[in-house]
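Any read-out appearing in this document is the output of simple, stated calculations on the displayed coordinates, not a laboratory observation. Computed from a prediction, not measured in an experiment: that's the story for all the values here. Reconstructed Cβ throughout: ideal geometry from the backbone, glycine too, with neighbour counts over all protein chains shown.
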Amino acid sequence: MGAVHAGYGVTWAKVILMGEHSVVYGYPAVAVPIRALTMEAWVKPIARGVRGEQSGTQGADSAGVDSKTYAMSPHRRNVPPQDRLHALDYDGALADAGTRFGGVEEAVKVATAFAGCPDQAFDVTTKSTFPAGRGMGSSAASAGAVIRAILDACDIQASHADILKLTNEAEVITHGNPSGLDAATTSSFDTVVFESGEMSTMAIDMPAYLVVADSGIEGSTREAVGSVREQDARDHGRVKAAMDELGGLARASVEDLQRGAVLPLGGRMDRAHDLLAGLKVSHPFVDRLVEAARGAGAVGAKMTGGGLGGCLIALAPDAVTAQRVRVALLSEGAREVWTYPLDIDAAGSADGVDGGEVGGGATGREVEQ
């Protein structure tokens with residue numbers, strides 16, 4: 001490894017199209033990468049003896065010696081370096097950032113260890129164009145972007161599998177027992193299908209638009225999954241029937257995507273939402289937004305992710321309808337709305353998403369939903 005320099009990494013958002021909650025019970029889940037909503041990370045190496053952005057001259061002034069003498073002294077050279085973080089509303093030592101950024105702190109640890117420089121400190125900055133805590137994969141995206149930036153800074157070549165492994169190690173801090181779905185989808189160019197611990201990808205080319213709306217309410221995958229488990233303990237037959245149907249809908253949606261079957265997929269999305277609402281993992285405001293999307297012409301709409309808030313997705317058959325759905329959702333009170341083409345040629349372009357940008361950053365077997 002040569003001299004460490006500045007590095008850069010990027011990942012992107014994801015939404016679960018079908019299969020949230022039923023995936024916990026072994027059924028498939030389908031997740032779509034939203035590549036135009038990005039999570040970026042920049043890292044700069046911190047020289048030993050410099051605490052983040054503060055130079056040792058402050059110590060020189062307080063000691064009553066000139067900065068040049070202090071800079072050359074053994075005392076300054078032996079100051080342990082500290083990682084620093086600039087993300088969301090936080091600006092300070094990474095070690096003091098708290099549990100909210102625990103995944104980023106772990107990402108730095110695993111990446112520097114993999115690069116063979118565990119004692120190298122970095123000044124880390126993350127910036128996102130999608131919100132945290134909404135089921136869009138922000139924790140995995142931030143960990144993955146930081147890992148990529150550090151490996152770039154150290155000129156370390158790593159396989160995609162290596163980076164996914166490192167990202168999942170960082171995700172353990174956030175989710176306890178991550179499935180790997182978020183880590184895979186937030187760095188995938190294609191739709192990801194997850195079932196029974198195995199993942200595969202598929203390119204889709206559907207003449208439709210996915211409209212993603214942020215309710216503005218932070219969801220809780222852990223609470224929602226726990227609620228379903230409690231219901232299952234009380235009324236196993238009802239919950240099993242719902243999971244069987246949700247699993248079947250998710251499996252059939254893969255065929256819809258392969259065939260470009262917009263209307264059947266929309267119908268399955270509607271049914272999936274109704275089943276999830278019946279399991280009490282949706283939210284009254286999300287239900288209102290779903291109805292608004294349907295009323296504006298969406299052929300299907302549903303909650304996405306763990307639930308109890310977060311985002312919803314709607315399927316529009318064309319750009320005009322997608323815009324109408326977007327306006328209806330904003331009018332109903334959605335905090336932000338994006339439209340994303342499912343056309344394979346447009347989906348990965350820089351302008352593939354229409355809608356405003358919002359801040360984001362660092363945000364189970366619970367799937368990270």
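What to note about this one:
- Stretchable slack from Asp119 to Ala47, in nm (0.36 nm times residue separation minus alpha-carbon distance): 24.9 nm
- Reachable lysines from Lys280, criterion Cα separation under 19 angstrom, eight or more residues apart if same chain: Lys240, Lys302
- Placed amide H near Gly307: partners under 5 Å, 5+ positions off or other chain: Ser220
- Once both labels are positioned 7 Å from their Cα atoms along Cα-to-Cβ, the gap between Met202 and Glu230 label points is 3.6 nm.
- Here's the picture: a label point sits 7 Å out from the Cα of Ala319 along the beta-carbon direction, and within region 31-45 the residues with their amide nitrogen under 19 Å of it are 35-37.
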